[in-house]
Amino acid sequence: MGEFDKAVVKASVAADVTAPVTAPATATAAPLLVLRGVRKSYNLGQRNECEVLHGIDLTLERGAFCAVVGPSGSGKSTLLNIVGLLDRPTQGNLALMGQETTTLDDAGLTRLRGQRIGFVFQYHHLLGAFTALENVLMPMLGDAGFATRAMTEHAAELLDSVGLTPWRDQLADQLSGGQQQRVALARALAMSPALLLADEPTGNLDTVSADAVFALLRHVNKTQGTSVLFVTHNPELAARCDHTIEVVDGHLLPAGAR
Ligand code: ADP
């Protein structure tokens, strides 16, 4: 690891499970993400109610590049859904860049998610009947529903950054798996998110394509300071992240900085 990397790691200590809750002085000084005592139960109040996350404490500094590992069923996706504001904790607090989220209504959560968070999933969820460019444009359209010239240029730049300029007018379902995942990454970056959540984005790819997608995530992290939480079962890729957090039976085990 080079000096630059060490500096980034130092500045972005993740998985700090012991630090006390401190109210951030300003939103700009606040860590990217602070979870305190986050619990999640499914089927609340029913006979099959079960608690899946048992009080997660996590601080993620801005610019962190962090792998999330752990056995199947341990709660990784549940945690990612909560961090991504797709689901709410049953108990506990979650602040994103100094903004407490548990008091927001659904519209507030949706707004914050759209402004701050990008998602890349194992299955890319592209719209196959639309071109690569149109897929990247989608998150930018907003209420107006049409693309301005600036939006189209931005989408084209994003596709270029993932090496897909020659394929930009190709229908998404005519692209290879690796190319589709790169379109998904460009789409996730459309709104310049502060946090990119990647749930096994390389799980369905061959080694070369997986490597290319990982390298792009790394590049975005380094050049734009985008924080990345990256769920993976691949120990080699996890080892290339700055930090690893391990989820076991709904608890977080900090493995520390590498
Ligand atoms: P991982 O991503 O580590 O494989 P998950 O977060 O997907 O784990 O799942 C953790 C546990 O929560 C599993 O036992 C799973 O069956 C359960 N679970 C996940 N989603 C739901 C749901 N919507 N309703 C009920 N149980 C769920």
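Filter region 71-89 down to the residues that are assigned to a loop (DSSP other than H, G, I, E, B), under 19 Å from residue 196 (Cα atoms) and within 8 Å of the ligand (Cβ to nearest atom) and list them by number.
Once the filter is applied, which keeps residues that are assigned to a loop (DSSP other than H, G, I, E, B), under 19 Å from residue 196 (Cα atoms) and within 8 Å of the ligand (Cβ to nearest atom), region 71-89 yields only 75.
Kindly indicate whether residue 183 is of a type outside the set (Gly, Ala, Ser) and at pLDDT below 90.
No, not satisfied.
Give me the pairs: first residue in region 224-252 and closer than 18 Å to residue 202 by Cβ, second residue of a type in the set (S, T, N, Q) and within 12 Å of the ligand (Cβ to nearest atom), beta-carbon distance under 9 Å, and six or more apart or on different chains, which are they?
Hits for this filter: 231/77; 231/122; 233/72; 238/232; 241/232.
Looking at (1) of a type in the set (Ser, Thr, Tyr); (2) buried (at least 17 other Cβ atoms within 10 Å of the Cβ); (3) in contact (Cβ under 8 Å) with a residue 60 or more places away in the chain, which one does residue 123 not meet, given that it meets all the others?
For residue 123, the failing item is (2).
Between 246, 236, which is part of a helix (DSSP H, G or I), surrounded by fewer than 22 Cβ atoms within 10 Å (Cβ to Cβ) and at pLDDT 90 or above?
The unique qualifying residue is 236.
Which of the residues that make up region 130-162 are within 17 Å of residue 184 (Cβ to Cβ), in a loop (DSSP other than H, G, I, E, B) and modelled with pLDDT of 90 or more?
Hit for region 130-162 is 130, nothing else.
Across region 90-109, which residue is nearest to the ligand (Cβ to nearest atom) among those that are within 17 Å of the chain's Cα centre (by Cα) and outside any helix (DSSP H, G or I)?
So, considering only residues that are within 17 Å of the chain's Cα centre (by Cα) and outside any helix (DSSP H, G or I), the one nearest to the ligand (Cβ to nearest atom) is 94.
The values are calculated or read from the model by the stated rules, or taken from the named source; none is laboratory data. Every value quoted in this text rests on a predicted model; they were computed, and no experiment measured them. Here Cβ is always computed from backbone atoms with ideal geometry, including for glycine, and neighbour counts include all displayed protein chains.
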